[in-house]
Amino acid sequence: MTARHVIISGASIAGLSTAFWMARCGWRVTVLERAGQFRDGGQNVDVRGVAREVVDRMGLLEAIRAANTTETGTVLIDERGRVRAELPSDGPDGATAELEVLRGDFARVLLDALPTDVEVRYGDPIAAVQDGDHEVTVTTESGDAIGADLLVVAEGVRSGTRGMVFGDAVDRRALGVTMAFGTIPRTATDDDRWRWLTTTAGRQVHLRPDPYGTTRAILAYTATDGLVGLPRDEVLDRLRARYAGVAWETPRVLDAFATSDDLYVDDLEQIRVSRWRRGRVVLAGDAGWCVTPMGGGGASLAVTAGYVLAASIAEHERLDDGLAAYETWMRPLVDDVQDLPRGITHFAYPQSRAALALRRVADGVLLSKPFRPLAAKLTEVARTDRALPVMPH
């Protein structure tokens, strides 16, 4: 009997997890990635909640642990770099998770674990999709037409393939927050903690250690400046204007961004799709439900989705029933992260000195010993009391 064939578009965490588990279930797997080669780098992601069980079932728990960022905790600081409060980092799901890893390192572990017969093709993304009753056919930019039983769209938040199939069914919700990410040289002032400055005018500065002797920096603020796609010089000019007068390590970050190899800017937006499947096409990861760093847990949801999708399909004779079961199981986890508390942006990004002072008082209360269990729950994502679908042996 000929093995069923799945095409997976996207070779990051969701796509590679799906490839791993679909191959385990006996499917022939082709992964198509837009980038010309594997994409290393990226900022911190983590493995939380039920995702730990998924990674453990993959036999990759120790490999992920070995790729740890070296981050030991999370502290809130003031403009002089003095620690104001420490976020709970004890247990597997603290602000700094037990399994804290760079996105590229996580994806590399998954890639290296794929069976040898999984085909991964770089630099030839999907240009067209034709979904039929018995087969879905994709045409790549090089003109190659590939038929399959299933297409899994595991691309990023601005997925082009998703738009081809789901069109106006996609609800894109801007959060009004811009983030700039980059790797900068490590200095003697850095340590092994995630240091987090919040200041006025809705601005934040973050510094986090990595395992490569450099530091991962983030500038985040409440505005949508349209930085995406602009030349680096213009991006830097706007960031310098936005962060004028902010103390601590901010000037160092801005100067280092001028030469950073991986400077990346993004206007945060959630992706919501009322139904993740259409015919023989299904969404996974950010293409289906981008939760953004505001919600957190995107990597955990992505790696879990690959398992749940493959197991759900294996459990059902009809493909559509398996896709429906996948969506039914995953939806509650996604909805829990996407439904941000009302007013969270105003609290996280205070505008005035008075609002900042109130925020710091609230931080002191929330992170005090009596309230630490409550604070710890704020970093819990991808948690469920439901058993994972059964994966055939």
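Brief remarks follow.
- The GluC sites (Glu not before Pro) of region 109-158 meeting both criteria, a DSSP state outside H, G, I, E and B (loop) and at most 15 other C-beta atoms within 10 angstrom of the site's C-beta, are Glu135, Glu141.
- Put a dot 7 Å past the Cα of Ala324, heading toward its Cβ, do the same for Phe347, and the two dots end up 3.9 nm apart.
- The chymotrypsin sites (Phe, Trp or Tyr not before Pro) of region 88-166 include none that meets both conditions, a loop assignment by DSSP and at most 15 other Cβ atoms within 10 Å of the site Cβ.
- Among the protein heavy atoms of region 88-160, carbon and sulfur supply 44% of the accessible surface, probe 1.4 Å, non-protein parts ignored.
- Rg/Rg_ref, the chain, where Rg_ref = 2.2 N^0.38 Å and atoms are Cα: 1.00
- Accessible surface, per residue, of region 222-368 when the full set of protein chains is kept, probe 1.4 Å, Å²: 43
- Between region 58-130 and region 166-237, the Cα center-to-center distance that results, in Å: 17
- Counting DSSP beta bridges with both ends in region 1-154, the antiparallel % (nearest 5): 55
- Per-residue ellipticity at 222 nm computed for the chain from its helices equals -10000 deg cm²/dmol, with DSSP H segments shorter than 4 residues left out and the rest contributing -39,500 (n - 2.57).
- DSSP assigns beta bridges within the chain; of those with both partners inside it, close to 70 percent run antiparallel.
- Fraction of accessible area attributable to carbon and sulfur, region 274-367 (%, probe 1.4 Å): 54
- Here the gap between Thr116 and Ala258, fully extended at 0.36 nm per residue and compared with their Cα-Cα distance, gives a gain of 47.1 nm.
- With loop membership from DSSP and a limit of 12 other Cβ atoms within 10 Å, the longest segment of the chain without trypsin sites (Lys or Arg not before Pro) is 83-317.
- Loop-located GluC sites (Glu not before Pro) across region 268-337 with a Cβ neighbour count of 12 or fewer within 10 Å are Glu317, with loop assigned by DSSP.
- The calculated FRET efficiency for Asp237 paired with Arg331, based on their beta-carbon distance and R0 = 35 Å, is about 0.25.
- At least 24 Å along the helix axis (C-alpha) and Kyte average at least 0.5, DSSP helices within the chain: 298-315
The values are calculated or read from the model by the stated rules, or taken from the named source; none is laboratory data. Note that the coordinates shown come from a computational prediction; the quantities given were computed from them, not determined experimentally. Note that each Cβ is placed from the backbone with ideal geometry, even for glycine, and that neighbours are counted across all protein chains shown. Heads up: the accessible areas ignore ligands, DNA and RNA and are worked out on the full protein's heavy atoms, side chains in. Shrake-Rupley method; radii C 1.70, N 1.55, O 1.52, S 1.80 Å.
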